[in-house]
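Rule-based calculations on the coordinates, nothing more; no lab input. Treat the numbers as computed from the prediction; the structure is a model and nothing was measured. Glycine gets a Cβ as well: all are built from the backbone with ideal geometry, and neighbour counts include every protein chain shown.
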Amino acid sequence: MTELVHLDVEHGIATITLDSPSNRNALSAQLRRELAGHLATALGDDAVRVVVLTHTGSVFCAGMDLKEASSGAVAGQEFPQILETLWTSAKPVIARLAGPARAGGLGLVAACDIAIAADTVTFALTEVRIGVVPALISVTVLPRLLPRAANELFLTGETFDAARAVAIGLLNKAVPAEELGGEVERYADMLALGAPGAMAATKAMLRAPRPQSMAEDLQQMLELSARHFGSDEGREGMAAFLEKRPPAWVPGSPG
């Protein structure tokens with residue numbers, strides 16, 4: 001059986017590539033299984049600092065495989081697990097889009113920490129137009145989008161461009177197609193400068209609900225700050241700064 005998702009690791013960057021162009025990288029059962037497996041491998045590899053999710057072909061991801069779904073195939077738990085893994089990953093994940101995303105593909109994009117697309121890419125939440133509900137992907141998409149835009153796009157299914165995707169919070173950046181690779185590499189290099197423990201803790205902080213009391217919130221953040229200032233990473237990072245050298249966790253550093 002031909003592999004539909006590939007994993008390559010180089011210089012601390014794990015690149016996971018959707019490679020099922022014949023069905024526009026639709027989320028077939030095989031693709032979901034392989035994507036979940038490669039994510040687990042990349043996130044469990046201590047050498048990996050950043051994950052990049054990308055694709056071959058002209059489409060990033062067309063959403064669920066409707067041929068499988070129409071035949072009565074049950075989606076199972078793989079897709080919810082993939083979304084949760086991307087969202088809660090201790091390591092930063094970048095979505096790299098050279099082509100359109102539809103339906104479930106937007107769920108993948110929204111679940112990643114950083115999303116960068118070519119400025120020609122388009123998006124659409126098309127579920128209601130085929131009589132289904134964009135339920136699972138709402139868990140990752142809704143926290144990213146402005147509320148008015150979410151209502152409009154979930155209910156109309158209208159196609160929107162990369163510039164609007166940036167404006168409403170789905171994308172971080174849209175760049176000319178010829179600059180996409182360089183921009184993703186720039187972000188990956190920046191993310192790799194962060195200490196692994198501090199990155200994981202910062203990601204957890206960003207997704208955690210805040211206490212209603214400001215005093216409680218400040219106390220929790222004081223404790224979090226103190227733990228990391230006193231950690232091995234914190235001491236190494238401050239020493240490296242004072243000694244004008246890269247900290248030990250930076251790929252390629254002597255430490």
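Seen from all directions on average, region 147-255 presents a Cα convex hull projection of 10.6 nm².
Only lysines eight or more places from Lys67 in sequence, or on another chain, were considered; none has a Cα closer than 20 Å.
Given axes a ≥ b ≥ c from the Cα gyration tensor, I'd like to know whether region 166-219 is rounded (a/c under 1.5), prolate (a/b larger than b/c) or oblate. Oblate, since a/c reaches 1.5 and b/c is not below a/b.
Assuming a ≥ b ≥ c are the square roots of the Cα gyration tensor eigenvalues, decide whether region 60-159 counts as rounded (a/c under 1.5), prolate (otherwise, with a/b larger than b/c) or oblate. Rounded is the answer for region 60-159, as its axis ratio a/c remains below 1.5. Among the GluC sites (Glu not before Pro) within region 124-214, those in coil by DSSP and having at most 13 neighbouring Cβ atoms inside 10 Å are Glu158. Note on the chain: dipole from Cβ charges, positive end direction compared against Leu136, Leu155, Met199; the farthest Cα belongs to Leu155. Along each principal axis, taking the top coordinate minus the bottom one, the Cα set of region 131-190 gives 39, 20, 20 Å in descending order. Computed from the C-beta positions of Glu243 and Met190, the FRET efficiency with R₀ = 22 Å rounds to 0.55. Working note: Karplus 6.51/-1.76/1.60 with θ = phi - 60° gives region 16-25 the couplings 9, 10, 6, 9, 10, x, 5, 10, 6, 6 Hz, where Gly and Pro are set to x.
In sequence order, region 100-111 has phi-based couplings of x, 10, 10, 6, x, x, 5, x, 5, 4, 5, 6 Hz under the Karplus curve 6.51 cos²θ - 1.76 cosθ + 1.60, θ = phi - 60°, and Gly or Pro positions carry x. Calculated from the alpha-carbon coordinates, region 196-243 shows an Rg and a Dmax of 12.7, 41 Å respectively. Rg and Dmax of the chain, both derived from C-alpha coordinates alone, stand at 19.3, 63 Å. Within the shell defined by Cβ-Cβ distances under 13 Å, the residues around Leu180 carry a net charge of -2, with Lys and Arg each +1 and Asp and Glu each -1. Between the C-alpha center of region 149-180 and that of region 230-255 there is a gap of 38 Å. Listed by chain and number, the lysines placed with their C-alpha closer than 27 angstrom to that of Lys91 are Lys173, Lys203, Lys244; residues fewer than eight positions away on the same chain are left out. Backbone phi angles across region 30-37, fed through the Karplus curve with coefficients 6.51, -1.76 and 1.60 (θ = phi - 60°), yield HN-Hα couplings of 5, 5, 5, 4, 5, 5, 4, x Hz in residue order; Gly and Pro are listed as x. Summed over qualifying helices (DSSP H, 4 residues or more, each -39500 (n - 2.57)) and divided by its residue number, the chain shows a 222 nm mean residue ellipticity of -13500 deg cm²/dmol.
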